[in-house]
Amino acid sequence: MTSCIYFCDNKGKTILSRRYRDDIPPSAIEKFPSLLLEAEHESSIIPPCLTHNGIQYLFIQHNDIYILTMSSSLSVNVAQVFSFLYKLVDVLAEYVKAVEEESIRDNFVIIYELLDEMMDYGVPQITETKMLKQYITQKSFKLIKSAKKSKNVVRPPSELTKSVSWRPEGIVYKKNEAFLDVVESINMLISANGQVLRSEILGKVKVKSHLSGMPDLKLGLNDKGIFTSGDSGSKAEANPSKKANIELEDLKFHQCVRLSKFENEKIITFIPPDGDFELMNYRLSLPIKPLIWCDTKIQVHSQSRIEIHCRAKAQIKKKSTANNVEILIPVPEDADSPKFRYSHGSLKYVPEKSAILWRIKSFNGGKEYSFAAQLGLPSMTDADVPRVKRPIQVKFQIPYFTTSGIQVRYLKVHEPKLQYQSYPWVRYITESGDDYTIRTA
Amino acid sequence: MSDQRIFSRYKASEIRAELHQGNLKKHRASAAKRKNALKKIVANLTMGFRSEMALLFPDVLKFWQIDDNLEVKRICHHYLVAMASTKAEHFQNALPLVLSDFNAGSEQLQILALRTLAAVPVEVYVEECRKLVLTIINKSSESEKLKKAALYAALKLIQYENTQAASLLGVLHKVLRNYKEKPTIRANALYVLHEVQETTNALQMLSLDFDTCMDMLELLPKLNEWDSARVLDSLTVSYVPQTHSDAHFFIEKTVPQLQHTNTSVILNAFKFVIYLTNYVEFLTESLVKQLSGSMVSLLNKPPELEFLVLRNIILLLLGRDKPLLKVDISYFFVEFNDPIYIKDTKLEILYLLAKEDNLLQILQEFKEYATDIDIQMSRKAIRAVGNLTVKLEQSADECVNLLLELLDFEAEYIVQEIVSVFKNVLRRYPEKHKLCLKKLVRFTDWVQEPESRGSMIWIITQYHHHLPNYLELFRSFSDNFLDEVLEVQFSILGSAVRLFTRNPTPTTEKLCVEILKSATEKVDNPDLRDRAFVYWRLLSAAQQSQNSSLGMDTVREIIDGALPPIAMNTQLDPQIVEELELNIGTIASIYLKPVNQVFRLNKPKCLTASPALNANRDSFEVVFKGSQSTSSSLTGDSSQFNNRRQSSSPVKKMDDYDIPAETVNTLKDKRKNSSPNMHLSRKPSMLARKLSLRKPFA
């Protein structure tokens, strides 16, 4: 598929490269920095694919580096390329912690090894870190001849053990535990007059598995409408009045989940990979009330001052608490000398973001807080500067609570050979997603 | 080790010295030193000093034998592969070393050696590699990894030269059908066969029967994510359903894969399902919902992937009269933090989704964007509103009102854009001038850019009888005729002549002659000069010979004839859509261009004929389970015909599927993309389809 992988610094100069196919001249990479510059001229952010001379440059950005692949064919599967590049970053992070220019230079031998294992002839292969660790070790080691081979002989044929490609055999833990984290992020777009333009819940179930052997897990969730789905079509038929906001309930599972079993019997069963992984994610577009609503009035007295009145309300259950609430309210770039009046939290002016940041450590459900602020504006202004409209951004976390009401009923662990006792742990949290914004008038 | 030392340029002799210095003392420290020297070689290769490093070939070979360290071996193999293009004679000496590595017994070394053999296009290597590949694949006891490496080596060998490919292909087919073989191996064999067919001129098309396809889908749960994605990719086009029920069966089988986390698996599954829908007579409502849902949930992936998904959504929306996706527009509202390229694409989708019933909401959004910080974005939003006005006849008033409202912002770039857009609006709805003419003319002094100036000149000329001070307005442009860019000069020239023919008074005559004079005497551009001469001759011919055939009316007809009406074309050529839909998830789907147009060596994909293939891609209908009605399918057909008729009539089309928010006026080069390029080498089924559609209006 892809012809090569390059790691480039933030100017587009090569740090490390691995070529898988010979259909692209080695000189093609030299064009990359100037292509980047050109694209940057056109618009401030560069699209992730560029074409030059019949060669496709596909890349992602991570920290201070570009990870780039090239292909000479238009039929290259971009979906695969991008998902692979992101996976590659994940895997490298396991080996070198922070994936950046320096760590790549320091570890280039290991990275070559990894690239060799993860891709063959430009086609992605194994990307599960635990599996890769079998083949690659951080330190170089003396080769022990045919040690692997003898192990192969002892091992029964793989069909019998039902081995799976994402889990090595022979894992042993003293204490067998599985940790489940149910995390829901809320994305919302609210217009200035309080109307919810868009809302969605992005949930994921993260698992950290510390289980021995080859356990077979079964996850039970409360079937509160959501997971009895599959008949969503018939539901829409039943109440056609709701057609404006159809709930799109789509689940995505980690590769270890038996999809056909889920499709037919609605049971989530899987043999987990070892360690951390994301078991499933789901999305709901329920119309929900803003959890943290803030009503802001901004009055601009041009050339003298700007006044901001803001009321924030936690529209959640009395028992719940929203932690680490951050409300970022934009102000004009040339504002100065802030004056604040507020009852709760801490308020400060952040000139580098041209905004006021209101932090409330813990915000109990049903409570309402407010503040008033006044900032000076310069008396001389450049009349041509267009009025900038930026939204208010809100961040928060609400522990022990899920907006959708999803609950884990049980997690059954069954290891046919070892038959051990195991302990599942579950945590819930709701937090703001990347886009929880309220537009300003 | 400090990276600084490794990543700097070295002379071959320096490294050589370091290598040999290490060799003298045979203890651990020197081994580490040697390794360091070898790393320097690799680093220098990365930095592109290939010819310098080529001098070290004999030294590398020497150390290959001494060290039994896997890391050293890796570096040596890497060196060999990097040198492959030089074809130095040293490769002969290296061959026994590579082979001895292969026979060393370690799985990892075997794989390494095999890959190196396949990567060096020297004849002996290729020959040796072929032998090894055949033995490895045929032996059932070999490990999975080694077999996989062998499969890819086979792919490389076939791509080098396909004279000897037959034997390898035979083996691959055997692996594919061998039920006892491991799932991963079979899946990869399928992929390799698929790749061979895609990239080489293999004589035989890869075609799978029902059982094999079934079998491969059964394997999916046992494969890792990348393998699953590849299987789904390879099955598209390779398997041709023979009956509707076969296609239904496989759609059902594939749908669970849409719940995978890996984007690449989802998109490939999606592609396979879309492909199969060409072979069914109806689709269930719940399937459409499932497809839409899985696409929408992909929008939460990292920006690059989101971009890809958005582009594919555009493709699916454009492709058919009744899109396979039913998505709520609110998913495509632009977020503050989105990168520009995503904002752009979302804008495009909103534009495509706009219908009478959701227009208010969309206009509201566009209004937001039009006052966005980003100037480009704001311009595009205005463009989109302008195009919407042209597209949706019944709601044109709302759109026009929004444009006028935006004019009040009095930001310079907004005015430019709105004025440019109004030219098309007024051409489409000449009677709408009452609403906007007064207001637009107020901004005559604002327009700066060639396009908006041209547009303003056109508007003034077209509606001069409604403007008492039109001459004064026109003067503001024509007075500095010589300083304008060519594009604007053309419109001034044309407009001056038109003003005169419409309203022959001494003032307009003077104006016209003035412009003609400057254009013929002071302008250097031959095109402009020639056009001015033509106008001049026409006018003087008409005035001199009152009795000849060329009267003033004829001249007016020539100069100021009725313009053809304009319409929006959001449809792609069905054939291109067909090809693009088979390329979901590829670069072609990002650019929305057929593969062979941009890159000729790629083979275009097309649907293979089978009894189950739908003649018309919109003929199937979406039904609720159990209840079928035929009415929708009929209306679908007739609209298709209407479309056809339009494209063959002189109605001027604006092919805006590419970038609806940009350059609607450049029609010529856009048109190329969608004009059906007739190749006679098309498959009979396709040709028949074309003919059957064209016939009623021939």
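Values for this structure:
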{"quantity": "Which of B:H20, A:H414, B:H194 is most accessible, then next, and so on - probe 1.4 Å", "calculated": "A:H414, B:H20, B:H194"}
{"quantity": "Relative packing of peptides A:345-351, B:103-109 - highest average C-beta neighbours within 10 Å first", "calculated": "B:103-109, A:345-351"}
{"quantity": "At least 30 Å² accessible surface lost relative to isolated chain, residues of the stretch A:265-306 (1.4 Å probe)", "calculated": "A:R283"}
{"quantity": "P(r) tail fraction, the stretch B:231-339 - alpha-carbon pairs more than 23 Å apart, %", "calculated": "28 percent"}
{"quantity": "Distance (nanometres) between label positions extended 7 Å along Cα→Cβ at A:Y423 and A:R359", "calculated": "3.4 nm"}
{"quantity": "For the stretch A:4-133: lysine pairs under 28 Å (alpha-carbon distance), excluding those fewer than 8 apart on one chain", "calculated": "12"}
{"quantity": "Long-range amide H partners of A:E415 with built H, under 5 Å", "calculated": "A:D216, A:Y420"}
{"quantity": "Ordering of A:96-103, A:185-192, A:114-121 by packing [mean C-beta count within 10 Å, highest first]", "calculated": "A:114-121, A:185-192, A:96-103"}
{"quantity": "Residue-span extension gain [A:K133 to A:N324] - 0.36 nm each, minus C-alpha spacing", "calculated": "65.0 nm"}
{"quantity": "Neighbouring partner chain Cβ atoms per residue of B:586-593, average, 10 Å criterion", "calculated": "6"}
{"quantity": "Flagged links, alpha-carbon separation over 20 Å, of B:K39/B:K62; A:K206/B:K222; B:K367/B:K391; A:K389/B:K423; A:K218/B:K222; A:K252/B:K145", "calculated": "A:K206/B:K222; A:K389/B:K423; A:K252/B:K145"}
{"quantity": "The stretch B:382-462 - percent of accessible surface contributed by carbon and sulfur, probe 1.4 Å", "calculated": "44 percent"}
{"quantity": "Delta accessible area of at least 20 Å² on complex formation, residues of the stretch B:77-111, 1.4 Å probe, chain isolated as reference", "calculated": "B:H78, B:A104, B:G105, B:S106, B:E107, B:Q108"}
{"quantity": "Sulfur and carbon atoms: percent of accessible area, the stretch A:4-133 [1.4 Å]", "calculated": "47 percent"}
{"quantity": "Around B:I587: net Lys/Arg minus Asp/Glu count, Cβ-Cβ under 11 Å", "calculated": "+2"}
{"quantity": "Probe 1.4 Å - accessible area at B:E417, Å² to nearest ten", "calculated": "10 Å²"}
{"quantity": "Inter-label distance, nm, simple model (7 Å from Cα along the C-beta direction), B:F533/B:E356", "calculated": "5.4 nm"}
{"quantity": "Surface accessible to a 1.4 Å probe, per residue, for the residues of the stretch A:4-133, Å²", "calculated": "34 Å²"}
{"quantity": "Positive minus negative residues near A:Y66 (Lys, Arg vs Asp, Glu; Cβ under 13 Å)", "calculated": "-4"}
{"quantity": "With every protein chain in place, the stretch B:468-571: carbon and sulfur % of accessible area (1.4 Å)", "calculated": "51 percent"}
{"quantity": "Accessible area per residue in Å² at 1.4 Å probe, computed on the stretch B:468-571", "calculated": "54 Å²"}
{"quantity": "Interchain or long-range residues, amide H under 5 Å from A:D250's placed H", "calculated": "A:R283"}
{"quantity": "Solvent-accessible area per residue, Å², over the stretch A:273-407 with all protein chains present [probe radius 1.4 Å]", "calculated": "52 Å²"}
{"quantity": "Cα-based shape type of the stretch B:262-402, given that a ≥ b ≥ c are square roots of the gyration tensor eigenvalues and the cut on a/c is 1.5", "calculated": "oblate"}
{"quantity": "Accessible area (Å², 1.4 Å probe, nearest 10) - A:T296", "calculated": "30 Å²"}
{"quantity": "Per-residue mean of C-beta atoms belonging to partner chains within 10 Å, peptide B:39-48", "calculated": "3"}
{"quantity": "For the stretch A:292-399, diffusion coefficient by Stokes-Einstein and Kirkwood Rh (Cα), 37 °C, 0.692 mPa s, µm²/s", "calculated": "225 µm²/s"}
{"quantity": "Gyration tensor (alpha-carbon) shape descriptor, the stretch B:468-571, a/c threshold 1.5", "calculated": "rounded"}
{"quantity": "FRET efficiency estimate (nearest 0.05) - Cβ-Cβ, B:S51 to B:E14, R0 22 angstrom", "calculated": "0.90"}
{"quantity": "Protein-protein interface of the stretch A:65-101, residues with accessible area decrease of at least 40 Å², isolated chain reference, 1.4 Å probe", "calculated": "A:L74, A:S75, A:N77, A:V78, A:A79, A:Q80, A:F82, A:S83, A:Y86"}
{"quantity": "Phi-based couplings in Hz for the stretch A:49-62 (Karplus 6.51, -1.76, 1.60; Gly and Pro marked x)", "calculated": "9, 10, 10, 8, 6, x, 10, 8, 9, 10, 8, 10, 10, 8"}
{"quantity": "A versus B: buried accessible surface, summed, Å² (probe 1.4 Å, to nearest 100)", "calculated": "9100 Å²"}
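The values are calculated or read from the model by the stated rules, or taken from the named source; none is laboratory data. For clarity, every value in this text was computed on a predicted model and none was experimentally measured. As a convention, Cβ positions derive from the backbone with ideal geometry for all residues, glycine included, and neighbour counts pool all protein chains shown. Ligands, DNA and RNA are stripped out before the accessible areas are found, and what is left, the full protein with its side chains, is counted by its heavy atoms. Shrake-Rupley method; radii C 1.70, N 1.55, O 1.52, S 1.80 Å.
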